[in-house]
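J.: Pasting a structure here, questions to come.
The values are calculated or read from the model by the stated rules, or taken from the named source; none is laboratory data. Since the structure is predicted, the reported quantities are computational estimates derived from the model, not experimental observations. Glycine gets a Cβ as well: all are built from the backbone with ideal geometry, and neighbour counts include every protein chain shown.
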Amino acid sequence: MLSGPWSEGEMLRTQTHSEITVKDRWAKDAFIIFMSVIHGRYSLVPRDIQFNTFLEIAKLADYYRCGEALDLAVERWIGYLDVPSAYDDSVVQWVFISLVFRLPKVFNKMTLLIFKHGTSAVTSTDLPISESALREYLMSLICSQDANVVQEESMNNETTYCKQQPM
């Protein structure tokens with residue numbers, strides 16, 4: 001997990017241990033829960049969770065690029081959380097959560113609410129929603145909707161698009 005561009009990983013490569021500083025933008029409780037799931041300390045992982053803590057954990061999973069490692073916990077927590085059925089301020093946050101944890105049903109529901117009820121540009125300055133990640137995820141969802149469509153990458157490996165399969 002720490003083999004990427006993080007300072008903690010660099011410290012681990014050059015020393016026998018690494019110290020992880022909880023950044024001010026991350027809630028301490030969310031970080032402890034996040035690390036407990038990652039390290040299999042399930043007795044420290046709550047069965048249910050508050051939405052704000054869940055959102056903070058999603059930010060951590062996004063930063064460390066390890067949303068899949070939390071799949072079992074996320075599956076449990078989703079059952080205790082109220083996913084909005086009407087447009088409100090949390091819809092964009094749910095879009096972010098659905099991207100981090102690859103939750104296509106939640107993503108579809110939230111984006112439909114935004115398309116139907118959003119009145120202005122959708123922005124969120126406190127969430128790291130990457131435009132390229134959003135585009136990639138949208139295209140993977142579109143491509144997966146039809147068995148006759150395959151996903152291909154362009155020559156520069158940056159753009160993803162769908163193409164009809166040859167018959």
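J.: Considering every residue within region 5-25, establish whether at least one is closer than 21 Å to F96 by Cβ, at pLDDT 65 or above and under 17 Å from the mean Cα position of the chain (by Cα).
T.: Checking region 5-25: not a single residue is closer than 21 Å to F96 by Cβ, at pLDDT 65 or above and under 17 Å from the mean Cα position of the chain (by Cα).
J.: Report, ordered by the first and then the second residue, all pairs with beta carbons closer than 7 Å, sequence separation of six or more or different chains, a first member in region 59-75 that is farther than 19 Å from K28 by Cα, and a second member that is of a type in the set (S, T, N, Q).
T.: none
J.: If T125 meets every condition in (1) of a type outside the set (D, E); (2) surrounded by 12 or more Cβ atoms within 10 Å (Cβ to Cβ); (3) at pLDDT below 90; (4) under 18 Å from E56 (Cβ atoms) apart from one, which number is that one?
T.: (2)
J.: For region 82-97, give me each residue that is under 15 Å from I49 (Cα atoms) and within 16 Å of the chain's Cα centre (by Cα).
T.: V83, W94, I97 - these are the residues of region 82-97 that are under 15 Å from I49 (Cα atoms) and within 16 Å of the chain's Cα centre (by Cα).
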